[in-house]
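The values are calculated or read from the model by the stated rules, or taken from the named source; none is laboratory data. It should be emphasised that the depicted structure is a prediction, and the values quoted were computed from it without experimental measurement. As a convention, Cβ positions derive from the backbone with ideal geometry for all residues, glycine included, and neighbour counts pool all protein chains shown.
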């Protein structure tokens, strides 16, 4: 009820909503921290070391996939027929003026 009233009374409801969400999420970040990582039976609890291991894993994942010759062959042999191309939904990119973007940012 408190947050609902706070948002309703706000002159910028979008901003108030995001502020409320961010306030609530700040209190939950500690619940999502990885306290321990086990790699090759080694228990890692240092937060910097855990972050570096995740960074290394994700930064090398594409290279490992590319190096895998079977996976590489699958990507090389993939092709689409003309009928399949018609089934892929088209994408439309709308352009915006600098003025429109400025107004959106200013309203936040």
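Taking the conditions exactly as written (modelled with pLDDT of 85 or more and surrounded by 10 or more Cβ atoms within 10 Å (Cβ to Cβ)), does residue 34 satisfy them or not?
no
Can you find a residue that is within 30 Å of residue 7 (Cβ to Cβ) and modelled with pLDDT under 85 anywhere in region 38-58? Explain how you work it out, then say what you get.
Step one: filter region 38-58 for residues within 30 Å of residue 7 (Cβ to Cβ), giving none.
Looking through region 38-58, none of the residues is within 30 Å of residue 7 (Cβ to Cβ) and modelled with pLDDT under 85.
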What single numbered condition from (1) over 25 Å from the mean Cα position of the chain (by Cα); (2) modelled with pLDDT under 80; (3) in a helix (DSSP H, G or I); (4) loosely packed, with under 10 Cβ neighbours inside 10 Å fails to hold for residue 79?
(3)
